[in-house]
Amino acid sequence: MKVDTRYGPAYTIAIAQLDPNEEVRVEAGSMVAMSEGVTLETKAAGGLLASLKRSILGGESFFVNSYRSPPTGGEVFLAPPLPGDMSVVQLAGESLLVQSGSYVASSQGVAIDTKFGGAKTFFASEGLFLLKCTGAGMLLLSSYGAIHERVLATGEKFTVDTGHLVAFPENIGFVVRAVGGLKSTLFSGEGLVVDLTGPGRILLQTRSTDAFLTWLVPQVQRRMPQQHQSR
């Protein structure tokens, strides 16, 4: 399988070129278009319990879609629900922890499981739920905004807001915590952060859906009474 990404980093689309009779697993709702002869099978991957775990804890769809090309090969066009970037990661037997909502697709040989990476607290609405992607093959990830790569040296520490985290290797040490004391957490506009310790490569997104919603919701609420009064 070869994947070509275009129109990034704002409105990226990924074109997956499938070999004859090759199969790609795609998150529900991510298919944009496909070539003639490509077939779709929808199933609860890994069985009922695994699908429930992935859906409830990981924030992903209960069902996954598998697209298989005909003997002549085929194409599947993929895109995430939010505007932003996409990144192709090649796994070679290692495990990558992916922030819920960033998973788009994967090739055969990559197993998806849910790993609990943090907890919702009194101080913040953000919880860190991670998908564990393990095996050998292609992994397609998305972001809200552009994807920025940061390589940590051995022992190097780096702190990331959970709303901006896309993915990092499982062997990186990480701790989820509140950003500061009670006053800082309540009034700084920040919630939970992740302290990461290298070595390893981490992927960040330049925008946060939580930050966007924090701005958007008050705007909508402020306009709703005005709309009612004008009727």
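Residues of the stretch 160-187 being in contact with a strand residue (DSSP E or B) (Cβ under 7 Å, 6 or more places away or on another chain) and either closer than 24 Å to Thr12 by Cβ or modelled with pLDDT of 95 or more (or both), which ones?
Val160, Asp161, Thr162, His164, Leu165, Val166, Ala167, Phe168, Pro169
Only one of these conditions is not met by Gly127: (1) buried (at least 16 other Cβ atoms within 10 Å of the Cβ); (2) farther than 24 Å from Leu196 by Cα; (3) at pLDDT below 95. Which number is it?
(2)
Out of the stretch 188-208, which residues are outside any loop (DSSP other than H, G, I, E, B) and modelled with pLDDT of 85 or more?
Once the filter is applied, which keeps residues that are outside any loop (DSSP other than H, G, I, E, B) and modelled with pLDDT of 85 or more, the stretch 188-208 yields Val193, Val194, Asp195, Leu196, Thr197, Gly200, Arg201, Ile202, Leu203, Leu204, Gln205.
Looking only at residues that are among the polar types (S, T, N, Q) and in contact with a Pro (Cβ under 9 Å, 6 or more places away or on another chain) in the stretch 133-163, which one is farthest from Ala28 (Cα to Cα)?
Thr154
Looking at Arg6, Arg54, Arg25, which one is surrounded by fewer than 16 Cβ atoms within 10 Å (Cβ to Cβ) and either at pLDDT 90 or above or out of contact with any Cys (no Cβ under 8 Å at 6 or more places or on another chain) (or both)?
From the options Arg6, Arg54, Arg25, the qualifying one is Arg6.
What is the residue count in the stretch 70-95 for residues that are free of Cβ contacts under 8 Å to residues at least 60 places away in the same chain and among the aliphatic types (A, V, I, L, M)?
Summing the residues that are free of Cβ contacts under 8 Å to residues at least 60 places away in the same chain and among the aliphatic types (A, V, I, L, M) in the stretch 70-95 gives 2.
Filtering the stretch 78-108 down to residues that are part of a loop (DSSP other than H, G, I, E, B) and in contact with a helix residue (DSSP H, G or I) (Cβ under 9 Å, 6 or more places away or on another chain), which residue is surrounded by the most Cβ atoms within 10 Å (Cβ to Cβ)?
Here the answer is Gly101.
The values are calculated or read from the model by the stated rules, or taken from the named source; none is laboratory data. Source: prediction; values computed, not measured. Note that we place each Cβ from the backbone using ideal geometry, even for glycine, and neighbour counts take in every protein chain shown.
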